[in-house]
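> Pasting in a structure now, in structure tokens, and then I'll have a few things to ask.
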Amino acid sequence: MLTWNEFEKLASSCRSCRLCEKRNSVVIGRGSRETGRILFVGEGPGENEDREGIPFVGQAGRLFDFALEALEFPEEVYYIANVVKCRPPQNRDPAQDEIEACIKLLRQQFLLLKPKIVVALGSVASKALISPDAQISRVRGQWFDKGGTMFTATYHPAALLRNDGLKHDFYNDLKEVKKRFFEGFGA
Ligand code: URA
């Protein structure tokens, strides 16, 4: 089992897929490494994230942060990462072989964080983490027990920028995540 420092060193020198060729940064994650027992997982870095080396720092990230703040999510309870850690060119979806190469790094983060809850943000993360045929409109708001960790999904924050009508469900999904985290899954 790696330490965080060993993991971050390994991740930042990763050359397991073609996305390493054009990246400026390996975007590892942000949030609480020690007590982040809610793990949010997006798709992959965009241009801003690639430049800054931090996930969700663009427009979609600001919206995501705004919702987390509005719901008073304590910063110490979550950590944010992506399915792939290097930016796919032109923000295309990551290819299956890129996801397979990179998911090893996300598994290491999972082992280090030991999350109680994993939240897939959008379709790419839902397919990678919940089920290959997951459709976001069907799986969002549902809960899946995988070896004692509860997995759920909601819309990708970028989808809210395109469709204002999704904000309400997104907000309620996050509210439910907070409730389950603090109040548990009984009853
Ligand atoms: N979209 C993602 O999926 N992840 C980021 O880090 C930024 C935008």
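Each reported figure results from applying straightforward, stated rules to the coordinates on display, with no laboratory input. Quantities reported herein were computed from a predicted structural model and do not represent experimental measurements. Methodologically, a virtual Cβ is constructed for each residue, glycine included, from the backbone with ideal geometry; neighbour enumeration extends over all protein chains shown.
> Just need a number here: residues in the range 108-129 that are within 11 Å of residue 81 (Cα to Cα) and surrounded by fewer than 20 Cβ atoms within 10 Å (Cβ to Cβ). Walk me through it before giving the result.
Just the residues of the range 108-129 that are within 11 Å of residue 81 (Cα to Cα), to begin with: 109-110, 118-121, 125.
Of the ones still in play, those that are also surrounded by fewer than 20 Cβ atoms within 10 Å (Cβ to Cβ) are 110.
Total meeting the criteria: 1.
> I'd like the full set of residues that are among the small types (Gly, Ala, Ser) and at negative phi, limited to the range 107-129. Full working, then the answer.
Taking the range 107-129 and keeping what is among the small types (Gly, Ala, Ser), we get 120, 122-123, 125-126, 128.
Once the filter is applied, which keeps residues that are among the small types (Gly, Ala, Ser) and at negative phi, the range 107-129 yields 120, 123, 125, 126, 128.
> I'm trying to understand the selection: among the residues of the range 1-39, which are in contact with a helix residue (DSSP H, G or I) (Cβ under 8 Å, 6 or more places away or on another chain), within 14 Å of the ligand (Cβ to nearest atom) and of a type outside the set (Gly, Ala, Ser)?
19, 23, 24, 26, 27, 28, 39 - these are the residues of the range 1-39 that are in contact with a helix residue (DSSP H, G or I) (Cβ under 8 Å, 6 or more places away or on another chain), within 14 Å of the ligand (Cβ to nearest atom) and of a type outside the set (Gly, Ala, Ser).
> Scan the range 46-66 and give yes if some residue there is touching a strand residue (DSSP E or B) at 6+ places or on another chain (Cβ under 7 Å) and either of a type in the set (S, T, N, Q) or over 15 Å from residue 8 (Cβ atoms) (or both), otherwise no. Write out each step before concluding.
If we filter the range 46-66 for residues that are touching a strand residue (DSSP E or B) at 6+ places or on another chain (Cβ under 7 Å), which is where we start, we get 54-56.
Checking which are either of a type in the set (S, T, N, Q) or over 15 Å from residue 8 (Cβ atoms) (or both) leaves us with 56.
So far as the range 46-66 goes, yes, one or more of its residues are touching a strand residue (DSSP E or B) at 6+ places or on another chain (Cβ under 7 Å) and either of a type in the set (S, T, N, Q) or over 15 Å from residue 8 (Cβ atoms) (or both).
> Pull out all pairs, ordered by first then second residue, where Cβ-Cβ is under 6 Å, the residues are six or more apart or on different chains, the first lies in the range 100-127 and is under 13 Å from residue 43 (Cβ atoms), and the second is within 14 Å of the ligand (Cβ to nearest atom) and in a helix (DSSP H, G or I).
120/126; 120/129; 123/136; 126/136
> Which one of these is closer than 17 Å to residue 122 by Cβ and out of contact with any Leu (no Cβ under 9 Å at 6 or more places or on another chain): 46, 53, 42? Can you show your working first?
On the way: 53 fails: closer than 17 Å to residue 122 by Cβ; 42 fails: out of contact with any Leu (no Cβ under 9 Å at 6 or more places or on another chain).
The conditions single out 46.
> Would you tally the residues in the range 67-105 being within 18 Å of residue 10 (Cα to Cα), surrounded by fewer than 20 Cβ atoms within 10 Å (Cβ to Cβ) and of a type in the set (Lys, Arg)?
Within the range 67-105, residues that are within 18 Å of residue 10 (Cα to Cα), surrounded by fewer than 20 Cβ atoms within 10 Å (Cβ to Cβ) and of a type in the set (Lys, Arg) number 1.
> Just to check your reading of the model, which residue among 182, 170 is within 16 Å of the ligand (Cβ to nearest atom), aromatic (Phe, Trp, Tyr) and either assigned to a loop (DSSP other than H, G, I, E, B) or over 17 Å from residue 55 (Cα atoms) (or both)?
Numbers: 182 fails: within 16 Å of the ligand (Cβ to nearest atom).
That would be 170, the only listed residue that is within 16 Å of the ligand (Cβ to nearest atom), aromatic (Phe, Trp, Tyr) and either assigned to a loop (DSSP other than H, G, I, E, B) or over 17 Å from residue 55 (Cα atoms) (or both).
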